[in-house]
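Presented below is the structure to which this report refers.
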Amino acid sequence: MSATANSSVDQVFDVLGLISASQEPIGVAQLARTLTVPTSTAHRVLATLEEAGYVTRDTSGTKYQLGLGAQEIAHALLRRFPLQAVAQPYLHRLAVATGETVVLCGRVGFYRVRLASAEGTSDVHAAPRLGQTSRLGDTPGGRAIVAFDDELRAAYLRWLGRGRATAATRALGRALDAIRKAGCVIETHDDGRANFAVPLRDADGRAIASLAVEAAESNGGARTQRARLARLRESAAELEALVRERPELAVDPFAHIPPEDLSPGFEPAAE
Amino acid sequence: MPRTASPPRPRAATNGVPDHHDFGGNRATARMLLILSQFGHDTGSHGVSELSRELGMTKNMIHRALKTLTRNGYLVRDESGTRYQLGPGVLQLGRLGLEPLNLPVVAAPYMQRMQELTDETVSLAVRTGRTVVTIAGLRGRGDIARRVPFGRFVPLHASPASRAILACLPDAEIETYLADGPLERYTATTVTDPEAIWAEVHQVRAEGYARGRGDHVRGATGAAFPILASDGTPHGSITIAGPDSRLPAERLDALVPELLQVAAELNRHTQLYPAEPLTQPTPKR
């Protein structure tokens, strides 16, 4: 196999990556320009991707977006987390009880992934999307995982500081200490909105996932927030009891690979 | 017809790599994408021999494709070290987040295809407790057509749209439904006997669709197809219905295979998603 053939096969990932990252459907000319390849090449790659169901055209018929085939694969990755399959009723009940959107977060290496969610019942609520990735330290859901796994925490901080303690890693370390002490993540924004997250821990006390409430509104005062946090903890305790009963639910599909080797291949923006 | 949710192509059969491209690299790319798609169908790991057998490609082709997919992070070796599983590169595909399921939007192009195939009224229903309710529909094209029964609540046993949903519920839930009653009668042909309803349930499970016989609305008949969630429980059902005179048994029989095919394509889409909260029984505290 010549190097040319290889690069032609690899082009498909460049195109797929670009379409995945684009908020809007994207046209052939723009694609060719961004990747600095001839338009004919972009056409050819898109035709192959379309044939295989990975991309589909938008209503105009000239621009491309992710197709069902690609979505199927993204969903299949989420389904590799056994917790995803059983959590839905718990998330739903929590969303009804709090009125806010509830998210189950899992971990791939040093990244937090939204595995499942239940939409809040308030008229205005957060609308997080499944499959989104961010670095563990960048979101409440991620911090609730990394704060409750000592080995992971040490590795994450080393990775973040490229082996050195920096101002950023020290600050995050302090934040994680506080989370560990409080048993949860509580973030109150200036506008009164509050996000909460609690870890889901296995029998050994290690965080395997987290539950996060993403509040869209500043509805309710400190009292409502305490009540919400209590509900969140209650649901987490129920899921933890389930995991103790069925340890196979806690399986990390990537446990056999060091986290530093599990790069998603792009740098997610902080949320 | 909106192309955003354009129906997927039927799944490629063995060695289903399209042959009509002139580019050598393109064939290899198509093969590689087909191999990656295998990993989207289930959550397991796959080995070289197995993929070679299933896809009708040589082990050498599979090896090369797996190498490229691994280099790009889309696959990683599993714990055994010899088989492969989806890798972190796949997270790229969900980078902007996966669309939540919007059933009426996803179902719209398939409903349109069913209407084109039959010229009859097509409607979409979801469950609400002991009843189902129609939330979307397209009217048939004939001078006489079944009205789209928007907003109408029909008990789970009393119409094809209902029974397509009922049949996909877990047995225990069906038992509870039948035991709690009442099982209302609407026409002379409404089945209200629990045993007869069970027989209908088994028939729907065996045939993949529910048949109507004027059991909710006299003079109207049709067939209803379950729309399933990732765990096999129902999101809802899609029904084609029309006047008895235009839908005799033999016409319906002739239409069913193609309608089942359309329903299967829609299900490929909806089975990516867990059941909607509305239809999800809350676990007991």
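Where a number appears in this text, it was derived from the coordinates with a stated rule and is not lab data. Here the structure is a predicted model, which means the values were calculated and not measured. When we count neighbours, we look across all protein chains shown, and the Cβ atoms used for this are built from the backbone with ideal geometry, even at glycine.
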Task: 10 Å Cβ neighbours from other chains, averaged over peptide A:259-266 - done: 5
Open item on the list: Output needed: percent of Cα pairs per 10 Å distance bin for chain B, bins running from 0 to the one holding the longest distance.
Closed with: 6, 25, 27, 20, 15, 6, 1
Task: Residues whose placed amide H lies under 5 Å from that of residue A:117, excluding near-sequence neighbours - done: A:104
Open item on the list: Quick check of the Kirkwood formula: for the range B:24-94, what is the inverse mean of 1/r over all pairs of different Cα atoms, in Å?
Closed with: 12.1 Å
Task: Rounded to 10°, Cα long-axis angle of helix A:3-21 versus longest principal axis of chain A - done: 50 degrees
TODO: Treating the Cα atoms of the range A:1-152 as identical point scatterers in vacuum, please give the log10 of the normalised Debye intensity I(q)/I(0) at q = 0.12 Å⁻¹, two decimals.
DONE: -0.69
- [ ] Take every residue in peptide A:42-53, count the Cβ atoms of other chains within 10 Å of its Cβ, and give the average of those counts.
- [x] 6
Open item on the list: Give the separation of the Cα centroids, the range A:124-150 to the range B:162-185, in Å.
Closed with: 40 Å
Task: Estimated 222 nm signal from helices in the protein assembly as shown, with DSSP H stretches of n ≥ 4 weighted -39500 (n - 2.57), rounded to 500 - done: -13500 deg cm²/dmol
TODO: Over the whole of A:83-94, what's the average partner chain Cβ count within 10 Å per residue? Rounded to a whole number, please.
DONE: 4
Task: Sequence ranges A:111-124, A:93-106, ranked by mean other-Cβ count within 10 angstrom, highest first - done: A:93-106, A:111-124
Task: Range of Cα positions in the protein assembly as shown per principal axis (Å), largest first - done: 79, 67, 43
Task: Ratio Rg/Rh [Cα only; Rh per Kirkwood] for chain A - done: 1.02
